[in-house]
Every structure is written in structure tokens, then in C-alpha cells.
Amino acid sequence: MTEEIKKETLEQLALDIKFGFENEFQLFESIRDMFYNEEDFDEAWLKEQISEKYLQHQNESLSWAHPTDFEKLAIIFDELIRENIVCLHNAGYTKSDGEGDCMETIERLDELGIRSKGFCYYHSQDLARAVNPEIHNLYLGFDSTTQDDNDALFIANKIITKLKAMGFVTYWPETVDQRIEIKNFYWKKIPDDQDWGAERVIQILTKVKNDKKPFWKFW
């Protein structure tokens, strides 16, 4: 295992641990997959690195003030989901990935008889900027299901309103061609047992739909 591969591995591990979406087993699987073609990859070394750095991150989290910026954003996303706006955390690696994941979720909801108004997301490249100590911002992509500019602006303004109400400072030039920027976003998250992707959206909106059923539907 070369020093160059070790360096790349540690850089990716540092990012993934800061993102806080993967437990130790998931970290090992995802990083090992990155270097699947490295025959002399030292798996025992990787497990040691994960164990050490994962524990360090967990210990650091004990001093965090709550709610963290992620926890506040999670509240906002859940509120938007209940208003039929699909919101996905850590949706893929690129803008194309994020929009594709959102549209797949919208199609799944359509099959359940649930109509979505639009979507909002951030991807792992956005997270990399958020955890960068020289940047500390987070970009949110958005659009409407109709892909009409006026509808998309409506979605964006809903997102902005909720962000500001939660105390976030935002920048957005009020155009569909640019994403929403949350300034001074300090990303702090540790792994949990929750699904922050499509399944969360479907679970929330299915519950909302069932709660809205007329009384006679239960008989």
C-alpha cells in the first residue's frame, strides 16, 4: 500500500467522518470500495484509522452546543417536506446527482398518490465546502416539479423564509439560475439511526396523507 494511497484514504476518511452520515462499518465499506482495485490495500490499517478518528469525532461532539446548524436545517427540511417539497440531505456527489435523486423520490411519491410541489437538496461536494474552515457555507439546490420559473421562485422563497426564521444568514440573487447560499454554516453531525434521504421523505408524507384521511375512511 503506497503512501499516496494512504494519503488519499486519510483525506477521504476525514471528510466522511466530518459529514457524519456513516457509522464505522459504512465508512470501511465506502472507502474500501473507492480503492477496490488496490490489491495490496491494508484493510487492518484502515479499520484502525477509522476506529481512532471516529472515536475522536464522537468525543469532540460532546462539547457541541445544540441545536447545531445541521439540526436546525433538519427541522427546516422536515417542515418543507410536510408542505410537499421533497428535501434530501447529502444527495449524491454533484448537482446532477442531487436533482436526479429528488426526481426519483418525486416519482415514487406520485405512485403513492402524493403530489410534490418541488424539491431542495445539497450534495457531498456542498458538504465538503461546508466543513472547509476557510469557507463555512452550504449551497442548496431547488426547483419546482413543473420546472416553471415562477413556481421555482415560489419554492426558493419558501426555503429562504424558513432559513431566516431559524436565524440563518442567506444570500440568493432571486434567480432560478443560482442556488441558495447559507453563510457561516458550521457543520456538526455524528452518525445516527435515521435515514436522511428518500425514505424519510416518503415516511413523513405518507403519515401526512394518512392523517388527512376523512374519518369514514377508517371504517
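The values are calculated or read from the model by the stated rules, or taken from the named source; none is laboratory data. The shown structure was predicted, so the numbers you read here are calculated from the model rather than taken from an experiment. Here Cβ is always computed from backbone atoms with ideal geometry, including for glycine, and neighbour counts include all displayed protein chains.
Could you list all residues from the stretch 113-169 that are more than 17 Å from the chain's Cα centre (by Cα) and in a strand (DSSP E or B)? Hits for the stretch 113-169 are Ser144, Val169.
I'd like to know if the stretch 153-167 contains one or more residues that are more than 16 Å from Glu79 (Cβ to Cβ) and among the charged types (D, E, K, R). No.
When the stretch 195-219 is filtered for residues that are surrounded by fewer than 11 Cβ atoms within 10 Å (Cβ to Cβ), assigned to a loop (DSSP other than H, G, I, E, B) and either of a type in the set (Phe, Trp, Tyr) or at pLDDT 90 or above (or both), only Trp219 remains. Taking the numbered list (1) within 30 Å of Met1 (Cα to Cα); (2) surrounded by 14 or more Cβ atoms within 10 Å (Cβ to Cβ); (3) at pLDDT 95 or above; (4) not aromatic (Phe, Trp, Tyr) in turn, Glu83 passes all entries but (1).
Could you please let me know if Asn23 is surrounded by 13 or more Cβ atoms within 10 Å (Cβ to Cβ), among the polar types (S, T, N, Q) and not assigned by TED's automatic domain parsing to the domain that holds Lys189? Yes. Candidates in the stretch 107-154 are the residues that are β-branched (Val, Ile, Thr) and farther than 19 Å from Asp97 by Cβ; of these, the one that is modelled with the highest pLDDT is Ile114. Name the pairs whose Cβ atoms lie under 8 Å apart, with the first residue in the stretch 135-149 and outside the structural domain of Trp187 (by TED's automatic domain parsing), the second assigned to a loop (DSSP other than H, G, I, E, B) and hydroxyl-bearing (Ser, Thr, Tyr), and 6 or more positions between them or separate chains? From the stretch 135-149, no pairs qualify. If you go through the stretch 159-189 and pick out every residue that is acidic (Asp, Glu) and either within 23 Å of Ala128 (Cβ to Cβ) or surrounded by 11 or more Cβ atoms within 10 Å (Cβ to Cβ) (or both), you end up with 2. Taking the listed residues Ile135, Ile155, the one that is of a type in the set (Val, Ile, Thr) and touching a strand residue (DSSP E or B) at 6+ places or on another chain (Cβ under 7 Å) is Ile155, with no other qualifying.
Residues checked against (1) of a type in the set (S, T, N, Q); (2) in contact with a Ser or Thr (Cβ under 7 Å, 6 or more places away or on another chain); (3) touching a residue at least 24 places away in the same chain (Cβ under 8 Å):
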site: Phe21; (1), (2), (3): no, no, yes
site: Leu27; (1), (2), (3): no, no, yes
site: Ile31; (1), (2), (3): no, yes, no
site: Tyr36; (1), (2), (3): no, no, no
site: Asp40; (1), (2), (3): no, no, yes
site: Ala44; (1), (2), (3): no, no, no
site: Ile50; (1), (2), (3): no, no, yes
site: Ser63; (1), (2), (3): yes, no, no
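Of the helices (runs of 4 or more DSSP H) contained entirely in the stretch 1-83, those carrying at least 2 residues that are within 30 Å of Lys212 (Cβ to Cβ) and not aromatic (Phe, Trp, Tyr) fall at 69-82.
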